[in-house]
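Participant: One structure, pasted below without further comment.
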Amino acid sequence: MEIKIRTAKPSEFTDVYDLIKEFAAFIKTPEKVKITPAQMIKDEKYFKCLVALHESTIIGFATYFFSYYSWTGKAIYLDDLYVLEKYRNRGIGSKLFDKVMEIGKTENCFKMKWQVSNWNTKAQEFYKSRGAIIDDIEINCDLELI
């Protein structure tokens, strides 16, 4: 199976949005999706998204952004990574993960950071196999501004 990883085009944001909703349902938080395709287009310069394509169908995505940490400096933050269920266990998640990591290295980031749900042991094992340290000390905080 040939898989192509590339930057999402604005014309594909609706398809990515559908996968975002599916991912939110998968992690049991569908009510947290507030974004719309129109907002994604409006925020295009901030919305960094890679897509995994099989033929011309988007079967996975990874979103990321750049951040800065006072202890370590510039970093790339992997916001979401999702592959449609029927395409899992074929290395597609690894390709998306590797591409985000490559972008971080190209941009001279000190580290790559992300979250994983505490119940998602399969994802945790994947990340550990890539050398990640899963921190069980920090607690995420969220404050909606709009």
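Participant: I'd like the distance between the alpha-carbon centres of the range 9-58 and the range 93-112, rounded to an integer number of Å.
Facilitator: Cα centroid to Cα centroid, the span is 19 Å.
Participant: Taking the Cα centre of the chain as origin, sum charge times position over the Cβ atoms of Lys and Arg (+1) and Asp and Glu (-1), and report the length of that vector in debye to the nearest 20.
Facilitator: 360 debye
Participant: Now, a different point. Rounded to a whole number, what % of the accessible area of the range 72-142 do carbon and sulfur atoms account for, probe 1.4 Å?
Facilitator: Looking at the range 72-142 in its full context, I get 47 percent from C and S.
Participant: Tell me which label goes with the value of Rg and Dmax of the Cα atoms in Å computed from the coordinates here: (i) 16.9, 57; (ii) 19.0, 77; (iii) 15.2, 43.
Facilitator: Read-out from the structure maps to (iii).
Participant: Can you classify the range 1-48 as rounded, prolate or oblate using the Cα gyration tensor, where a ≥ b ≥ c are the square roots of its eigenvalues, rounded means a/c under 1.5, and otherwise it's prolate if a/b beats b/c and oblate if not?
Facilitator: Note, shape of the range 1-48 comes out oblate.
Participant: Can you tell me the FRET efficiency between Trp71 and Ile146 if r is taken as the Cβ-Cβ distance and R0 is 25 Å, rounded to the nearest 0.05?
Facilitator: 0.30
Participant: Under 25 Å Cα-Cα from Lys45, which lysines qualify once same-chain neighbours fewer than 8 residues away are excluded?
Facilitator: Filter leaves Lys4, Lys9, Lys21, Lys32, Lys34, Lys74, Lys95, Lys99, Lys105, Lys111, Lys113.
Participant: Hand me the GluC sites (Glu not before Pro) from the range 49-146 located in a DSSP loop with no more than 11 other Cβ atoms within 10 Å, in residue order please.
Facilitator: Answer in residue order: Glu55, Glu107, Glu138, Glu144.
Participant: With all protein chains present and a 1.4 Å probe, how do Thr106, Thr36 order by accessible area, largest first?
Facilitator: Solvent-accessible surface, decreasing: Thr106, Thr36.
Participant: Another question about this same structure. Taking loop as defined by DSSP and a crowding limit of 14 other beta carbons within 10 Å, which trypsin sites (Lys or Arg not before Pro) in the range 24-86 fit?
Facilitator: Lys28, Lys34, Lys45
Participant: Sticking with this structure for a sec: Going from most exposed to least, what order do Met112, Met1 have by accessible area with a 1.4 Å probe?
Facilitator: Met1, Met112
Participant: Identify the chymotrypsin sites (Phe, Trp or Tyr not before Pro) of the range 56-98 meeting these criteria: DSSP loop state and at most 12 other C-beta atoms within 10 Å of the C-beta.
Facilitator: Hits after loop and neighbour filter: Trp71.
Participant: Tell me, what is the per residue accessible area of the chain in Å², probe radius 1.4 Å?
Facilitator: Per residue, the chain has an accessible area of 69 Å².
The values are calculated or read from the model by the stated rules, or taken from the named source; none is laboratory data. Note that the structure is a prediction, hence the values are computed from the model and not measured. FYI the Cβ positions are ideal-geometry reconstructions off the backbone, even for glycines, and counts take in every protein chain you see. These area figures cover heavy atoms from the full protein model, side chains too; ligands, DNA and RNA do not enter into them. Shrake-Rupley method; radii C 1.70, N 1.55, O 1.52, S 1.80 Å.
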